[in-house]
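For reference, the structure is listed below as structure tokens.
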Amino acid sequence: MNHKVNFEEKFAKFSDFWSPKVVAEMNDYQFKLTRFKGEFAWHDHKDTDEVFIVIEGNMSIELRDGRVDLAAGEMYVVPKGVEHKPLAEQECKVMLVEPRGTVNTGDQESELTAENDVWI
């Protein structure tokens, strides 16, 4: 990658929810932008942590033993193997950081499973 990434420009290229788009890679990790609205599916990632960085808006991450509320400028790391469910009452713009090949619904197949490795 030999150019800067502008989040506003990248977010302007898509409007679908729960469908992460890759904007950069570092080693084996991908930086993905996504839009959240509503509730996602309960899932986990058995082999990797997952980082949620809120760019704009507010979201929550339901955990089986609690809830984490996040606002713009905040982040949270869900440890590998921990079941979680992201949700946002209003549209929220988020960056995910996770290893290349990580599927958004983990091992759970659902109507929310997005195509993987889509670059914008």
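None of the figures in this text is laboratory data; all of them are computed from the coordinates on show. Note that the coordinates shown come from a computational prediction; the quantities given were computed from them, not determined experimentally. Note that each Cβ is placed from the backbone with ideal geometry, even for glycine, and that neighbours are counted across all protein chains shown.
Just want the ordering: L87, L96, from fewest to most Cβ atoms lying within 10 Å of their own Cβ. Walk me through the numbers on the way to the answer.
Working: L87 15, L96 19.
Final ranking by Cβ density, sparse to dense: L87, L96.
Phi-derived couplings, Karplus 6.51 cos²θ - 1.76 cosθ + 1.60 at θ = phi - 60°, listed residue by residue for the range 111-120: 5, 8, 5, 9, 4, 8, 6, 8, 9, 10 Hz, with x used for Gly and Pro. Quotient of the Cα radius of gyration of the chain and 2.2 N^0.38 Å, N being its number of residues: 0.98. Would you mind computing, in nm to one decimal, how far apart the modelled labels at K13 and D47 are, each placed 7 Å from Cα along Cα→Cβ? Inter-label distance under the simple model: 2.7 nm. Applying a DSSP loop filter and a limit of 16 other Cβ atoms within 10 Å to the trypsin sites (Lys or Arg not before Pro) in the range 64-116 leaves R64, K80, R100.
Seen from I120, the other residues with C-beta closer than 10 Å to its C-beta sum to a net charge of +3, counting Lys and Arg as +1 and Asp and Glu as -1.
Sites listed here are GluC sites (Glu not before Pro) in the range 81-116 whose DSSP assignment is loop and whose Cβ has at most 12 other Cβ atoms within 10 Å: E109, E111, E115.
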